[in-house]
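Down below is the structure, laid out as structure tokens.
The values are calculated or read from the model by the stated rules, or taken from the named source; none is laboratory data. Only a predicted model underlies this, so the values are computations on that prediction, with no experimental measurement involved. Because the Cβ atoms are built from the backbone with ideal geometry, glycine has one as well, and the counts that use them run over all protein chains shown. Heavy atoms of the whole protein, side chains included, go into the accessibility calculation; ligands, DNA and RNA do not. Shrake-Rupley method; radii C 1.70, N 1.55, O 1.52, S 1.80 Å.
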Amino acid sequence: MAIDDLLDEHEQGERVRTWLRNNGAGIIGGVVLGLGLIIGGQWWKKQQANELADANVRYEAVTRSLQSRNLDEAAKEVAALEGGKTSIYADLASLELAKAQVEAGKNDDAIKTLRALKTEGEFKALVDQRVARLLIETGKADEALKLLGSAEDAAGLEIRGDALIAQNKRDEARDLYSKALAKLDVAAPQRRLLETKLMDAGGTVADPATENK
């Protein structure tokens, strides 16, 4: 190998070492940051998995308590679930607890359970409707009307009508039942019951073919 070639290699090596000295900290920092992101991502996934596993255990505990009719213990487990980040388990457990409370005749407890749910959108509307029905059953029709506000879907109109019937406001209830029927499909399973409510309120059931005309 020629001397000139050795000098060139030596010079190139010095340039590389100089560049590393000047930029090494940045390279190392980038590597550390990359490793940190990888490790952090793995830790986050592990945490999520642990939280889901813990929530699943608590959910199963709720189920066992409900099966043994121990509603107080089930309520404690639901409260513990609500404190976590896995809301789907908490929501399911709360709905099952509320159902068991209604079946046990504890409507006030069921109302409290449902109202503790952090809901939004269509799910909130469904929960509010269930709470409103329970409020009517517990003699709180005015609260039911306030909760549903000016709901205009078929179920909301029907429940508002039920609340008005409870307040002996048959004319207003009849109007809401008629509006609710007009929004239901002819084959809707709840249509027959709604027609009965309308007739009990002194109304007449129109021909479905002419309801929306």
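Structural remarks
- Estimated vicinal HN-Hα couplings, Hz - the stretch 95-101 in sequence order (Karplus 6.51, -1.76, 1.60; Gly, Pro = x): 5, 5, 5, 4, 4, 5, 5
- Accessible area per residue was computed with a 1.4 Å probe on protein heavy atoms; K106 scores about 90 Å².
- For the stretch 76-213, the dipole from Cβ point charges (+1 on Lys and Arg, -1 on Asp and Glu) about the Cα centre works out to 140 debye, to the nearest 20.
- Average accessible surface area per residue within the stretch 71-213, 1.4 Å rolling probe, Å²: 57 Å²
- Accessible surface of the stretch 74-213, 1.4 Å probe, proportion on carbon and sulfur as whole %: 51 percent
- Residues E96, E120, sorted by accessible area with the largest first, give E120, E96 [1.4 Å probe; ligands and nucleic acids excluded].
- Rolling a 1.4 Å probe over the protein heavy atoms leaves V186 with an accessible area of roughly 100 Å².
- The length gained by stretching the chain between E60 and R192 to full extension, at 0.36 nm per residue less their Cα-Cα distance, is 43.7 nm.
- Counting only Cα atoms, the size of the stretch 101-175 along its three principal axes is 34, 28, 17 Å, in decreasing order.
- Note on K179 and E137: their simple-model spin labels are 2.5 nm apart, each label 7 Å out from Cα toward Cβ.
- Listed residue (A110, A100, Y177) projecting farthest to the positive dipole end of the stretch 51-195, Cβ model: Y177
- Listed residue pairs exceeding 27 Å between alpha carbons, taken from K76/K146; K118/K197; K106/K179; K106/K183; K112/K179; K118/K146: K76/K146; K118/K197; K106/K179; K106/K183; K112/K179
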